[in-house]
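Undergrad: Dumping the structure here so I can ask a few things about it.
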Amino acid sequence: MLITLVNGLFTIFYVLLFANIIISWVRPDPYHPTWGPIVRFVRSVTDPVLAPIRRFLPPFGGLDFSPLIVLFLARFLQRAIISLII
């Protein structure tokens, strides 16, 4: 039961992280009446996690690798938490 909860929370975070990646490519208006609340929510959840990595690792040639690093770190953290539960 607890493993299912941990996996579910991490899955939600992964979806939000990928949504942030897509939002960064499309660049919708965060104040648009339809998409604005979604854009602001996704950024409010993912940007605090991405910000420390972005400070440490600047973009290379205009590419931001911080979501990739956060994805790897989150997967490692997820597996570590699950191994502690088991």
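No value in this document is a laboratory result; all are computed from the given coordinates. Since the model is a prediction, treat every value here as computed from it, not as a measurement.
Undergrad: Compute log10 of I(q)/I(0) for the chain with the Debye formula, placing one identical point scatterer on every Cα and leaving out solvent, at q = 0.24 Å⁻¹, to two decimals.
TA: Here the Debye-derived log intensity ratios amount to -1.18.
Undergrad: Still on this structure, I have one more. In degrees, nearest 10, range 0 to 90: what is the angle between the Cα axis of helix 2-26 and the longest Cα principal axis of the chain?
TA: Taking the Cα atoms of the chain, the angle to 2-26 is about 20 degrees.
Undergrad: Tilt of helix 66-85 relative to the longest C-alpha principal axis of the chain, in degrees (0 to 90, nearest 10)?
TA: 20
Undergrad: Rounded to the nearest 10 degrees, what's the angle between the helix 36-56 long axis and the longest principal axis of the chain, both from Cα atoms, 0 to 90?
TA: Tilt relative to the chain: about 70 degrees.
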